[in-house]
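Okay, so here's the structure we're looking at.
The values are calculated or read from the model by the stated rules, or taken from the named source; none is laboratory data. Computed from a prediction, not measured in an experiment: that's the story for all the values here. Positions of Cβ are generated from backbone atoms using ideal geometry, with glycine treated the same way; all protein chains shown enter the neighbour counts. Quick note on the areas: whole protein, heavy atoms, side chains included, nothing else; ligands and nucleic acids left out. Shrake-Rupley method; radii C 1.70, N 1.55, O 1.52, S 1.80 Å.
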Amino acid sequence: VNAGRPQLASQGRKPQEFRVGDSDTAWECFVGSVRWTLKGDTLSPKFWFVQQAAPDPLHESGEAKPPDQLAQGQQGTIQLQVYSELPGFDVWLNAPRGPGVSWEAPAEAGTRGVQPDRSQEELEQYVRGVLEAAREEYFADGMESSVSRELVPVVERHHKQIAEFLFYWLAGEKGDPEVTAEALHWLGLMDHAPSRHWRRRLLERCLEASSLTVRDAAGIGLAAMDDPQAVPSVNAAIERESCAELRQLLERVLAQLEGRPGWRCF
Amino acid sequence: VALLLRKLDRRSRWMAEAIATWLPHGDAPAPALHDFIDEQGKVSVWAVAEDQSNLPRVVAAIAATRESADVFDFVLFDGQAVSTAGARLEAAPGNSPDRVADQEWHRNLANVSAQRAARLVCAAFVNGERDRTSPKQIVELLLEAVNRRWLKLDDLKAGVKEKLQRTAAEKA
C-alpha cells in the first residue's frame, strides 16, 4: 500500500510497528529534518541498520540517536519498529519505489507532520494550518511550542518553497500576532545557512508591523541572527518606533550589530 | 531580601505604552499575572543581592532550564513588595540544574491569595526594573556557567547544548 509514498512511522517516542515488503532497496527515514537511509538484506532475518545520509548537528552533538530498528524475517515480510528519540519529532518512512514492493501501515498511522514530497500547495496549507492552530497556545520565550516543532523542520527542508508564503503570512500580518511573534523568534534562532538571507529579510520586514508584539519579536530574531547587514533596517525601525520601551530595546540590538556595548554588562 | 527577580514569558505583554491608554494608574495588564503564577498556582522568584553580584548566575540558572538559547526578559523588584502584598517568602529549591543557585537564591511565595498575587504583580509592574538579556548574551552566560562548573553541559536541553557546542567550536 502506498509504495513510494512517505508514511508516518511514529509520533514522538511512541513506537509503531510496520509490516513492509521484501526489498533490498534502501529506504529513506526522516526524523524531523534529518534523513537516514535504512538498508535491508532481502527477507532474511537480518537486522536492518540505519546509516546517516547527511551530517546533522543534532546527531553530532550526541543528543539524537539513530532510530531503533527491529527486523525479523517472517513469511515474506519484515516487521520494522522505528521511533524517534527526539521529543516532538515524527518519523517518516519513505518506501522504496519499484515493482514488488508492498507496504502495510497500521490503521492508526496518521498523516500529521511534514511529508518529504509534498507539493507547494500542500506545504503552504500545512504551514498555514500549523500557524492557525497555534492561536490558542500560550508562548514563553525559550520554550518549544507547536510552532517551533513544526515550522523549523519545514524551513530546514523546504526553505525555497516556503519562503514566499512566510513573507505573505508573517510580514503581511495575516495571522495572530502572538503566533507570528513565536514564528519570528524561531526563525531568528535557527541555524540554517541556506535560508539565512531571506529569514533576515523577513525579520527586517516585520520590524514594520503594526503589532508591537511582532515588532519586538522581529528585533529579538535579528539580535539572535547577529547579522550586521540588518543595521539599516534596525536604524529605520528605531526612527519609526512609537513605544519608548521597544525603541530602547531596538537601540540595544543596533549596538550589538554595530559591535558596540548596548546590553546590560554582566 | 534586597531584590527579587521574576522571569517574563514574553516582554511585549509588559510594555506599558502599548496599553497605557486604558490601564488604570498603579495597575498591571492581566497577562502579567500569567508570568508570575505557574500552572500549580505557585509564585517562584529568585533573590538577587543589592549589588546584583549574583545576577549572572541566577540568569544562567534559569536559562539552563529552557529549551532554546532565546532572549531572557526579567523584572527586578524590591523584596519588600512581598510583605507589603501580604505574602511571605519561603526557601524552596527550584528546578535549575545549578544546585547551588537553587538552594541559595530560589524562593517560593507562601500564603498567596489571588488579591495578594495581583498586588505583587502590580508592584513589580509599576516599580520594578525590566531588563533583557539577548540570545547572544545568554549563550555567553551559559558558556561561562559551564566553564565555572556552575552547570554541566549535559544538564542542558539538547537545543541549548548544541548551540553552546557550536559557539565554543567557532571561538576555538
Selection from the stretch B:109-141 of residues among the aliphatic types (A, V, I, L, M), crowded, with 21+ Cβ neighbours inside 10 Å and assigned to a helix (DSSP H, G or I) yields B:LEU120, B:VAL121, B:ALA124, B:ILE138, B:LEU141
Can you tell me which of B:GLU39, B:GLU67 is touching a residue at least 60 places away in the same chain (Cβ under 8 Å), of a type in the set (D, E, K, R) and either within 11 Å of chain A (Cβ to nearest Cβ) or under 27 Å from B:LYS163 (Cα atoms) (or both)? B:GLU67
Pairs only if they're at least six apart or on different chains, beta carbon under 6 angstrom, first in the stretch B:117-135 and within 26 Å of A:LEU250 (Cα to Cα), second among the aromatic types (Phe, Trp, Tyr) and part of a helix (DSSP H, G or I); list them, first residue then second. B:VAL121/B:PHE36
Run down A:SER119, A:SER145 and say which single residue is small (Gly, Ala, Ser) and modelled with pLDDT under 90. A:SER119
Quick check on my filter: what residues within the stretch B:159-169 are open to solvent by 50 Å² or more (accessible area, probe 1.4 Å) and either under 29 Å from B:VAL82 (Cβ atoms) or not hydrophobic (A, V, I, L, M, F, W, C) (or both)? B:LYS163, B:GLN165, B:ARG166
Members of the stretch A:241-260 found to be facing chain B (nearest Cβ under 7 Å) and not in a helix (DSSP H, G or I), listed by number: A:CYS243
Kindly evaluate A:VAL231 against the criterion of being buried (at least 21 other Cβ atoms within 10 Å of the Cβ), out of contact with any Ser or Thr (no Cβ under 7 Å at 6 or more places or on another chain) and free of Cβ contacts under 8 Å to residues at least 60 places away in the same chain. no
May I ask you to verify whether B:ALA28 is closer than 19 Å to B:ARG10 by Cα, away from chain A (no Cβ under 12 Å) and surrounded by fewer than 23 Cβ atoms within 10 Å (Cβ to Cβ)? no
Which of the residues belonging to the stretch B:142-158 are buried (at least 22 other Cβ atoms within 10 Å of the Cβ) and not in a loop (DSSP other than H, G, I, E, B)? B:LEU142, B:ALA145
Scanning for something open to solvent by less than 70 Å² (accessible area, probe 1.4 Å) and part of a loop (DSSP other than H, G, I, E, B), does the stretch A:144-162 turn up at least one residue? yes
Whichever residue in the stretch A:170-226 is charged (D, E, K, R) and not in a helix (DSSP H, G or I) and, among such residues, is farthest from A:ALA237 (Cα to Cα): A:ASP191
The condition of being facing chain A (nearest Cβ under 10 Å) and at negative phi holds, among B:ARG119, B:ARG130, B:ARG107, only for B:ARG130
How many residues does the stretch A:242-266 contain that are among the charged types (D, E, K, R), within 31 Å of the chain's Cα centre (by Cα) and open to solvent by less than 30 Å² (accessible area, probe 1.4 Å)? 0
Only unsatisfied item for B:ALA172, checking (1) at pLDDT 90 or above; (2) more than 10 Å from every other protein chain (Cβ to nearest Cβ); (3) within 23 Å of A:GLN256 (Cα to Cα), is (1)
How many residues does the stretch A:193-219 hold that are closer than 20 Å to A:GLU258 by Cβ, within 14 Å of chain B (Cβ to nearest Cβ) and open to solvent by 10 Å² or more (accessible area, probe 1.4 Å)? 1
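Has the stretch A:129-142 got any residue that is over 30 Å from B:ALA32 (Cβ atoms), at pLDDT 55 or above and open to solvent by less than 70 Å² (accessible area, probe 1.4 Å)? Step through it out loud before you land on a result.
The initial filter retains those residues of the stretch A:129-142 that are over 30 Å from B:ALA32 (Cβ atoms), namely A:129.
From the residues that got through so far, the ones that are at pLDDT 55 or above too are A:129.
With open to solvent by less than 70 Å² (accessible area, probe 1.4 Å) added as a condition, the list becomes A:129.
Within the stretch A:129-142, one or more residues are over 30 Å from B:ALA32 (Cβ atoms), at pLDDT 55 or above and open to solvent by less than 70 Å² (accessible area, probe 1.4 Å).
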Residue check for A:VAL130: within 13 Å of another protein chain (Cβ to nearest Cβ), of a type in the set (Val, Ile, Thr) and touching a Ser or Thr at 6+ places or on another chain (Cβ under 9 Å): no
